[in-house]
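The structure under discussion appears below in the form of structure tokens.
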Amino acid sequence: MLRKIASLNKPALLIVLLCMLSTGLICPLQAADADAVMLKRGKLLFIQCRACHDLKMSPEQEQKVGPNLSGMMGKAAGTAEGFVYSQAFKEAKFSWDIAVLDRWLEKPSAVVPENLMAFSGINAQLDRTALISYIVEQSSISPSK
Ligand code: HEC
């Protein structure tokens, strides 16, 4: 293995090292830092959602302009209790996972045409990934959170 790596040319060696770094193989601490940075960015990005959505259910179970997103991952779309959805969402037949949420955040109308969410979308993939990591963490209703 070592001899094989040594026989690689310099750019290839650099790529191998970068891959190892990015997967946290060499420096797990760095990977943990990267997670923290993503969550922080996600929290910041969620400010633009906060006017209409909460990620935790309050004791009064109140809904804002948009549905409460508590426990949304893995749940069927359009089923937050106590929220009155558009016809488009009532007829939606899918569950939320990371891939669908990513498409929703990029272009909501591509996932549920004629939905009533007044939001045009986020172009930057990295921003969507950061936002999703924050939503997944904060909307989880497992007792440990
Ligand atoms: C101006 C208010 C508003 C903003 C801002 C907004 N939303 Fe929404 N959102 C809504 C409404 C209203 C709906 C329900 C749409 C419908 O019934 O057609 C919705 C639906 C959703 C759903 C589907 C939930 C379900 O129960 O299936 C998700 C997920 C969501 N929004 C996430 C977000 C995120 C993340 C942001 C920030 C990037 C955001 N929204 C910004 C109003 C908003």
**Asked** Which of the residues belonging to region 104-137 are in contact (Cβ under 8 Å) with a residue 40 or more places away in the chain and charged (D, E, K, R)?
**Response** 127, 137
**Item:** Candidates 135, 122, 141 - the one that is within 11 Å of the ligand (Cβ to nearest atom), part of a loop (DSSP other than H, G, I, E, B) and of a type outside the set (Lys, Arg)
**Value:** 122
**Request:** Only residues in region 81-103 that are basic (Lys, Arg) count as the first member; pair them with residues that are within 11 Å of the ligand (Cβ to nearest atom), Cβ under 9 angstrom, at least 6 apart or cross-chain, and list the lot.
**Result:** 90/78; 93/76; 93/77; 103/111
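This table checks each residue for (1) touching a helix residue (DSSP H, G or I) at 6+ places or on another chain (Cβ under 8 Å); (2) over 16 Å from residue 48 (Cβ atoms); (3) not hydroxyl-bearing (Ser, Thr, Tyr).
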residue: 75; (1), (2), (3): no, yes, yes
residue: 87; (1), (2), (3): no, yes, yes
residue: 94; (1), (2), (3): yes, yes, yes
residue: 98; (1), (2), (3): yes, yes, yes
residue: 105; (1), (2), (3): yes, no, yes
residue: 113; (1), (2), (3): yes, yes, yes
residue: 121; (1), (2), (3): yes, no, yes
residue: 128; (1), (2), (3): yes, no, yes
residue: 137; (1), (2), (3): yes, yes, yes
**Request:** Exactly one condition in (1) more than 15 Å from the chain's Cα centre (by Cα); (2) within 17 Å of residue 135 (Cβ to Cβ); (3) more than 8 Å from the ligand (Cβ to nearest atom) is not met by residue 41; state its number.
**Result:** (1)
**Asked** Can you spot a residue in region 81-98 that is modelled with pLDDT under 95, not acidic (Asp, Glu) and not in a helix (DSSP H, G or I)?
**Response** yes
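Out of 62, 81, 114, report the one residue that is of a type in the set (Asp, Glu), farther than 19 Å from residue 38 by Cα and within 8 Å of the ligand (Cβ to nearest atom).
Answer to the selection: 114.
The values are calculated or read from the model by the stated rules, or taken from the named source; none is laboratory data. Given the structure is predicted, the values throughout are model-derived calculations rather than measurements. In this analysis, Cβ positions are derived from the backbone assuming ideal geometry, glycine residues included, and neighbour counts consider all displayed protein chains.
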